[in-house]
Amino acid sequence: MANAAIAVQDCSKRYQRGAAAYGSLRDTLTRLVRGGRVPGEPVQALDEVSLAVEQGEIVGVVGDNGAGKSTLLKVVARITPPDSGRVVVRGRLSSLIEIGAGFHPELTGRENVLLHGSILGLTRRDLRASLGAITDFAGLDGAIDTPVKYFSTGMYARLGFAVAVHADPRVLLVDEVLSVGDLGFREACYERIRALQAGGTAILFVSHDLPAVAALCDRALRLAAGRVVDQGAPEAVVAAYRAAGEAESR
Amino acid sequence: MSATAEGYRQSGYVVEGGRRDRGRLRALWQRRGLLWSFTLRELQVRYRQAALGFAWALLQPAALTLITTLVFHTFLRIDVGGFPYPVFVFTGLVAWTFFHTAVSGAVPTLVNNAGLVRKIWFPREALPLATVLAVGLDLLAALVCWLVVLLAFDVPLTLHLLWTVPLLAILVAFTTACALLGAAINVRFRDVKHALPLVLQVFFFATPIVYPFTLVPEAWRHVAALNPLTAVVAGLRAASLHGQAPDLAVTAIGAAVAAVLLVLSYASFTRADRRFADIV
């Protein structure tokens with residue numbers, strides 16, 4: 001625990017529901033003048049969540065939509081800060097939260113590898129050196145100098161995945177992204193994830209694909225309304241989650 | 001073991017609720033490759049499939065020079081102290097075009113890259129800063145062009161031309177400050193999109209670009225001096241056309257305003273940054 005690659009301690013975060021998150025100056029002025037408060041109930045996206053992921057461990061996170069899974073990943077990835085609590089990440093983090101989020105459609109595959117890779121924190125020199133390996137893994141020989149706007153969804157996803165895992169991250173966040181590729185690609189991804197795990201990477205795996213969670217993870221936890229309501233062996237957590245879902249629908 | 005410790009120092013982090021993260025400038029420096037990547041992306045995208053390519057960077061000030069010469073010299077016969085009006089106005093337009101293009105390009109960057117801001121952490125100031133850098137390349141081209149114009153109009157060049165360097169520093173500092181501030185406000189208030197062209201237009205006429213600073217009424221000069229662009233434009237003209245040092249008081253005020261604004265805007269940008277992913 002003391003040296004866990006990911007340590008989340010008592011993290012809480014609220015969102016304001018109903019309030020236009022961004023708006024016009026007029027709205028704000030009106031609110032100021034009327035003395036009114038922001039409308040809508042706040043949503044407790046995370047409520048005193050604690051978890052630790054050790055090196056070489058894959059921890060699965062399951063739960064209904066809106067349970068706080070994505071917020072958890074965002075807080076760990078420091079995209080958004082928690083209102084209270086503490087997150088410690090040891091080592092380079094890479095995320096498969098949305099494959100290819102950093103791609104620009106007008107640029108070629110090669111240019112995008114350099115762009116996306118440097119957004120993920122890699123140096124351009126390192127990226128240029130490993131361009132061949134990335135192209136091979138993505139299976140894009142011959143297409144690497146084509147603008148990615150002409151790529152198929154599968155090619156796009158393969159290149160995004162290849163850059164993200166190539167970073168040799170010590171910490172990897174995976175959110176429901178592997179569903180876009182075909183079967184062969186998904187197998188290759190799982191294989192690569194296991195290889196990273198064997199090399200000591202700590203992986204936080206969020207998915208609705210319960211068989212995948214059971215098969216891939218060492219541990220699992222279930223979130224509901226921002227709280228950790230269950231954790232333990234992945235088969236047990238998945239079975240309990242299924243049972244809870246069935247009980248509710250009855 | 002020490003390799004791990006080194007790696008942690010380089011890339012690990014601690015996030016605490018309610019605390020601002022420190023060492024932002026250092027983080028930006030460590031990610032300077034990212035700044036370069038964004039700059040390159042901007043240049044690549046800008047000139048791909050544009051037939052005239054880089055020439056666009058010079059066409060804008062050139063076209064503005066023609067129009068303003070026609071309106072303010074031929075029609076209105078404004079007195080600019082005996083200098084050929086095209087040289088007079090082009091000197092101001094070189095600085096103005098940089099400011100205008102950089103600020104109007106940088107302000108929407110965070111919103112235009114909302115997908116990225118919401119999904120991946122990176123020093124977000126890299127987005128507006130990259131636009132300023134990319135437009136900076138246009139500025140360099142325009143400056144070369146400016147020197148050619150000065151020579152073509154037989155303006156005698158003196159050592160005072162070296163004042164250009166500190167004057168450009170004021171220009172870049174003020175432009176960067178406006179870019180950071182505008183980009184951050186634009187995330188929260190989409191009014192910026194409508195207000196920005198208006199504000200820039202006001203700035204264009206408030207800065208002595210199409211008219212000389214000496215035409216500003218005495219009583220208004222200290223107000224006009226608060227605009228760092230005044231110091232830049234008036235200074236560039238003094239250093240080139242007049243072959244003398246810029247007005248030191250005006251230059252000092254401009255430099256001070258630009259420096260203070262730069263520090264303040266960077267501080268407010270990194271403060272607002274915490275909420276960008278939630279509201280963009």
Practice prompt. Pick out the one residue from B:Ala206, B:Ala225 that is buried (at least 21 other Cβ atoms within 10 Å of the Cβ) and under 21 Å from B:Gly92 (Cβ atoms).
Written response: B:Ala225
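When you look at B:Gln10, is it open to solvent by 70 Å² or more (accessible area, probe 1.4 Å), within 14 Å of chain A (Cβ to nearest Cβ), modelled with pLDDT under 80 and in a helix (DSSP H, G or I), yes or no? Give the steps one after another, and end with the answer.
Numbers: open to solvent by 70 Å² or more (accessible area, probe 1.4 Å): yes; within 14 Å of chain A (Cβ to nearest Cβ): yes; modelled with pLDDT under 80: yes; in a helix (DSSP H, G or I): yes.
Criteria met by B:Gln10.
Looking at B:Phe213, is it aromatic (Phe, Trp, Tyr) and closer than 20 Å to B:Leu161 by Cβ?
On the way: aromatic (Phe, Trp, Tyr): yes; closer than 20 Å to B:Leu161 by Cβ: yes.
So B:Phe213 passes the test.
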Worksheet, complete the sentence: Going through (1) open to solvent by less than 10 Å² (accessible area, probe 1.4 Å); (2) part of a helix (DSSP H, G or I) one by one, A:Gly184 fails only at (1)
Fill in: Odd one out for B:Ile120, checked against (1) modelled with pLDDT of 90 or more; (2) within 14 Å of another protein chain (Cβ to nearest Cβ); (3) in contact with a helix residue (DSSP H, G or I) (Cβ under 8 Å, 6 or more places away or on another chain)
(1)
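If we scan the range A:189-196, do we find a residue that is in contact with a strand residue (DSSP E or B) (Cβ under 8 Å, 6 or more places away or on another chain) and within 21 Å of A:Leu120 (Cα to Cα)? Give the steps one after another, and end with the answer.
First, pick out the residues of the range A:189-196 that are in contact with a strand residue (DSSP E or B) (Cβ under 8 Å, 6 or more places away or on another chain): A:193, A:196.
Among the residues that remain, those that are also within 21 Å of A:Leu120 (Cα to Cα) are: A:193, A:196.
Yes; the residues of the range A:189-196 include at least one that is in contact with a strand residue (DSSP E or B) (Cβ under 8 Å, 6 or more places away or on another chain) and within 21 Å of A:Leu120 (Cα to Cα).
Got at least one residue in the range A:98-114 being touching a residue at least 60 places away in the same chain (Cβ under 8 Å) and surrounded by fewer than 22 Cβ atoms within 10 Å (Cβ to Cβ)? Don't jump to the end; show me each part of the working.
Within the range A:98-114, the subset touching a residue at least 60 places away in the same chain (Cβ under 8 Å) is A:98-100.
Restricting the remaining residues to those that are surrounded by fewer than 22 Cβ atoms within 10 Å (Cβ to Cβ) gives A:98.
Yes, that holds for at least one residue.
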Worksheet, complete the sentence: Selection from the range B:234-273 of residues charged (D, E, K, R) and open to solvent by 50 Å² or more (accessible area, probe 1.4 Å) yields B:Asp247, B:Arg271
Fill in: Flag for B:Val263 being modelled with pLDDT of 95 or more and either more than 18 Å from the chain's Cα centre (by Cα) or not in a helix (DSSP H, G or I) (or both)
no
Worksheet item: Of the residues that make up the range B:53-68, is at least one closer than 26 Å to A:Leu115 by Cβ, at pLDDT below 80, in contact with a helix residue (DSSP H, G or I) (Cβ under 8 Å, 6 or more places away or on another chain) and open to solvent by less than 50 Å² (accessible area, probe 1.4 Å)?
Response: yes
Worksheet item: Regarding A:Asp145, is this residue charged (D, E, K, R), at positive phi and in a loop (DSSP other than H, G, I, E, B)?
Response: no
Worksheet, complete the sentence: In the range A:74-97, residues that are farther than 16 Å from A:Val165 by Cα and open to solvent by less than 10 Å² (accessible area, probe 1.4 Å) total 8
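Name the helices (runs of 4 or more DSSP H) wholly inside the range B:81-149 in which the number of residues that are under 11 Å from the mean Cα position of the chain (by Cα) and surrounded by fewer than 23 Cβ atoms within 10 Å (Cβ to Cβ) is 1 or more. Break it down stepwise before answering.
Details: elements: B:85-106, B:109-112, B:114-119.
Correct list: B:85-106.
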Discussion item. Being closer than 24 Å to A:Leu46 by Cα and within 7 Å of chain B (Cβ to nearest Cβ) is the filter here; which residues of the range A:94-112 pass it?
Written reply: A:Ser95, A:Ile97, A:Glu98
Worksheet item: Has the range B:21-40 got at least one residue that is of a type in the set (Phe, Trp, Tyr), modelled with pLDDT under 85 and open to solvent by 30 Å² or more (accessible area, probe 1.4 Å)?
Response: no
Fill in: All positions within the range B:38-61 that are free of Cβ contacts under 8 Å to residues at least 12 places away in the same chain and part of a helix (DSSP H, G or I)
B:Leu40, B:Gln44, B:Val45, B:Tyr47, B:Gly53, B:Ala55, B:Trp56, B:Leu59
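Yes or no, residue by residue, for (1) touching a helix residue (DSSP H, G or I) at 6+ places or on another chain (Cβ under 9 Å); (2) within 21 Å of B:Ala126 (Cα to Cα); (3) open to solvent by 10 Å² or more (accessible area, probe 1.4 Å); (4) within 14 Å of chain B (Cβ to nearest Cβ):
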| residue | (1), (2), (3), (4) |
| --- | --- |
| A:Asp126 | yes, yes, yes, yes |
| A:Leu140 | yes, no, no, no |
| A:Tyr150 | no, no, yes, yes |
| A:Gly154 | yes, no, yes, no |
| A:Ala167 | yes, yes, no, yes |
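The values are calculated or read from the model by the stated rules, or taken from the named source; none is laboratory data. Since the structure is predicted, the reported quantities are computational estimates derived from the model, not experimental observations. When we count neighbours, we look across all protein chains shown, and the Cβ atoms used for this are built from the backbone with ideal geometry, even at glycine. Areas reflect the complete protein model, heavy atoms only, side chains present, ligands, DNA and RNA absent. Shrake-Rupley method; radii C 1.70, N 1.55, O 1.52, S 1.80 Å.
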